[in-house]
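Presented below is the structure to which this report refers.
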Amino acid sequence: MADAKTHANKQLILAIGALACAVLLFAGGFFILNHTKEDAAAYTPDQIVQKILDETKHTDLVKVDQSQVLKHYDIPDDVVSASSVYTGKSSESAAELSCFLMTSSSRYDELQKVISRHISTKAAGFKTLNPAQYKLLKDCKIVHEGRYVLVSVGNDNTQAENIFRSMVG
């Protein structure tokens, strides 16, 4: 009788241990899948910006050459793996549409500071020269989703955000 009770206790401990392992494996798998999804990159920044430009019918923006992006945004190394930056064709225009693919979603705070500094510097130049363009800069939209960040300065920020979120959200 004592052997049967000891055997039953061993089975109970083994079952509880197996259940605990299964729960840990499930939780670990869920965490890994969730983290992988957050860091996924289904589109390039160029594809995202091009779709926004196509759907908003922008004709007043021009692509900034990749070698010139650092003149606009002083981005530290290893924060962004790809980018697409479009600015107004005229120096009198504050319009801009940019998309960045960060190396990791955890780098957002660093990139957000760079973006804010860029927008503030640009706004300072327009403040007295062109109040309408200054207002566009003050109303700019910075949208973060996973590894992607969108910067939209213009009259159709909400539409740009909606297109962006439909692609990467």
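Rounded to the nearest whole angstrom, the semi-axes of the ellipsoid equivalent to the range 45-168, taken from the Cα gyration tensor as √(5λ), stand at 21, 17, 13, largest first. Projected label points at ASP109 and LYS138, each 7 Å from Cα along the beta carbon direction, are separated by 2.9 nanometres.
Number of Lys-Lys pairs in the range 62-169 with C-alpha atoms under 17 Å apart and a separation of 8 or more places or on different chains: 14.
In plain terms, the chain from LYS57 to SER120 could stretch by 20.0 nm, reckoned as 0.36 nm per residue minus the Cα-Cα distance.
Pulled fully out, how much extra length does the chain show between GLU145 and SER166, if you take 0.36 nm times their separation in residues and subtract their Cα-Cα distance? Stretched out fully, the GLU145 to SER166 stretch lengthens by 6.5 nm.
Every read-out reported here was derived from the displayed coordinates using simple, explicitly stated rules and does not represent laboratory data. This is a predicted model, so every value here is computed, not measured. Note that each Cβ is placed from the backbone with ideal geometry, even for glycine, and that neighbours are counted across all protein chains shown.
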